[in-house]
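Visitor: Have a look at this one before I ask anything.
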Amino acid sequence: MSEYITHTAVVDDCLRLMAASDRFCDAFKTAADQHHDMVHLGCATRGGDPCNPGLMTTFRDNWANRTPDQHLEPKLAFVLGWLCHRAADRQMKPVFRRFHPPGTRKEKPTECSVYHDAFAFRAVYAGGEEPPYHPAMFGEQFAALADAANVAGMGDLVRVLLRRALIEMHTLIPDLDDPEGWIDAIYTRKQAFYVDLERYEAAINSPDPDKAQRYIIEDNFYNGDEPLIRVARALQHGEDVTQAEVNEALTSAGDSHYGQALAIGMRYLQAADAYFLGEIDIDRLRERWDIGKPGVDGLPV
């Protein structure tokens, strides 16, 4: 899917900030820490607005008397990632539409989103040196692996392995009353692989200076001097950060698109925390999650 690296970076930074702040309950911190794989699955999932209020109500109402078979902790972790995905979408989608208006896009994902992901891969994940990525993901080692395996279509092999991994994570239980309809549902719901990894490799390893200037510098995608981003990087690298610095950063979004996405993500997490603790009602939660609201360009997000 497009923008996945940026989505992952936003959720990882939001959860670093959440873990370091005393403004969040232990239930959220523990779920995110112990089920980070579910967080990443959530941040790769679209369209959480119709689902998340009801899910959060289930978590809140059943938490005190939960049982292991309910799996509420991993489900909560998934929703935390889902919320941060929507935060990134609400900030970034209008940017992509501004650079590439609907009806004019020749490629999917947009060129702007590819350059955002390429920058995040370098700035947040140190070119793959930081988990969950690896330097070989878009580097020369990947090509060397393909040569060594004598595989002409290495990308196709990776896609097959990804599909196998997804199948392993999901038990497919057929509908014995309607097996044909069950197969139709699998076919129509599967995610198409439309992302051309060669475009990402080019943007990461040999970026076009004009495109980098346009999409990253001039449009202010990322500013490492902004408080939220600066504190997130310090936490990532194990530097000493005071509670006051963390909480002060939460009140200062900055002007970059990435900083704004972090600010929205933290707002969504704080609203979820307040609802979980019974401090706000469902209507206020939906309002603070921007559910039903258009993007900054007036279009649905």
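Every number in this text was worked out from the coordinates using simple rules, so none of it is lab data. Since we're looking at a predicted model, the values are computed, not measured. Neighbour counts are summed over all protein chains in view; Cβ atoms, including those assigned to glycine, are modelled from backbone coordinates with ideal geometry.
Visitor: Under 5 Å between amide hydrogens, which residues at least 5 positions from Ala253 or on another chain qualify, with H placed 1.01 Å from N in the peptide plane?
Guide: Placed amide hydrogens put nothing under 5 Å from Ala253.
Visitor: Taking the dipole about the Cα centre of region 26-132, with the C-beta of Lys and Arg at +1 and of Asp and Glu at -1, give me whichever of Pro94, Trp63, Ala31 is farthest to the positive side.
Guide: Farthest towards the positive pole: Pro94.
Visitor: Give me the distance in nm between label points sitting 7 Å out from Cα along the Cα-to-Cβ direction at Glu245 and Cys25, one decimal.
Guide: Label at Glu245, label at Cys25, 3.0 nm between them.
Visitor: Farthest toward the dipole's positive end in region 202-282, which of Leu262, Ala203, Ala249, given Cβ charges of +1 (Lys, Arg) and -1 (Asp, Glu) about the Cα centre?
Guide: Ala203
Visitor: Once phi is turned into ³J(HN,Hα) by the Karplus curve 6.51 cos²θ - 1.76 cosθ + 1.60 with θ = phi - 60°, what whole-Hz value does each residue of region 54-63 show in order, with x for glycine and proline?
Guide: Once rounded to whole Hz, the list reads x, 5, 5, 5, 4, 4, 4, 6, 10, 4.
Visitor: Let me ask something additional. With charges only on Cβ, +1 for K and R and -1 for D and E, what is the dipole size of region 30-135 about its Cα centre, in debye, rounded to 20?
Guide: Details: 13 positive and 12 negative charges, 133 e Å.
My answer is approximately 640 debye.
Visitor: Across region 65-78, in residue order, what do the Karplus-derived ³J(HN,Hα) couplings come to in whole Hz, using 6.51 cos²θ - 1.76 cosθ + 1.60 with θ = phi - 60° and x for Gly and Pro?
Guide: Once rounded to whole Hz, the list reads 10, 5, 10, x, 5, 7, 6, 5, 4, x, 5, 4, 4, 4.
Visitor: Express in nm, to one decimal, how much length is gained between Asn205 and Asn220 on full extension, taking 0.36 nm for each residue of separation and deducting their alpha carbon distance. Don't skip to the end; give the middle numbers.
Guide: On the way: separation 15, 0.36 × 15 = 5.40 nm, distance 2.09 nm.
Here the segment from Asn205 to Asn220 would lengthen by 3.3 nm.
Visitor: Checking the cross-link filter: which lysines have an alpha carbon closer than 29 Å to that of Lys75, excluding same-chain neighbours under 8 positions apart?
Guide: Correct list for Lys75: Lys29, Lys93, Lys190, Lys293.
Visitor: If you average over every viewing direction, what projected area does the convex hull of the Cα atoms of region 204-293 give, in nm²? It would help to have the intermediate numbers written out before the result.
Guide: On the way: hull surface 33.2 nm².
The orientation-averaged projected area of the Cα hull of region 204-293 comes to 8.3 nm².
Visitor: Let a ≥ b ≥ c be the square roots of the eigenvalues of the Cα gyration tensor of region 254-298; is it rounded (a/c under 1.5), or, if not, prolate (a/b larger than b/c) or oblate? Can you show the working numbers first?
Guide: Values: a/c = 4.34, a/b = 1.51, b/c = 2.87.
Because a/c hits 1.5 or more and a/b fails to exceed b/c, region 254-298 counts as oblate.
Visitor: Which shape class, rounded, prolate or oblate, goes with region 29-133 when its Cα gyration tensor gives a ≥ b ≥ c as root eigenvalues, a/c under 1.5 marks rounded, and past that a/b bigger than b/c marks prolate? Could the numbers behind the result be given before it?
Guide: Numbers: a/c = 3.64, a/b = 1.72, b/c = 2.12.
Oblate.
Visitor: If you put +1 on each Lys and Arg Cβ and -1 on each Asp and Glu Cβ, how big is the dipole of region 206-245 around its Cα centre, in Debye rounded to 20? Spell out each step's value before the answer.
Guide: Working: 4 positive and 9 negative charges, 21 e Å.
Charge dipole of region 206-245: 100 debye, to the nearest 20.
Visitor: Which distance in nm do the two modelled labels at Arg284 and Asp33 give, with both placed 7 Å along the Cα-to-Cβ direction?
Guide: Rounded to a tenth, the inter-label distance reads 2.8 nm.
Visitor: Please find the FRET efficiency linking Asp175 to Lys106, where r is the Cβ-Cβ separation and R0 is fixed at 41 Å, and quote it to the nearest 0.05.
Guide: On the way: r = 40 Å, r/R0 = 0.98.
The value I calculate is 0.55.
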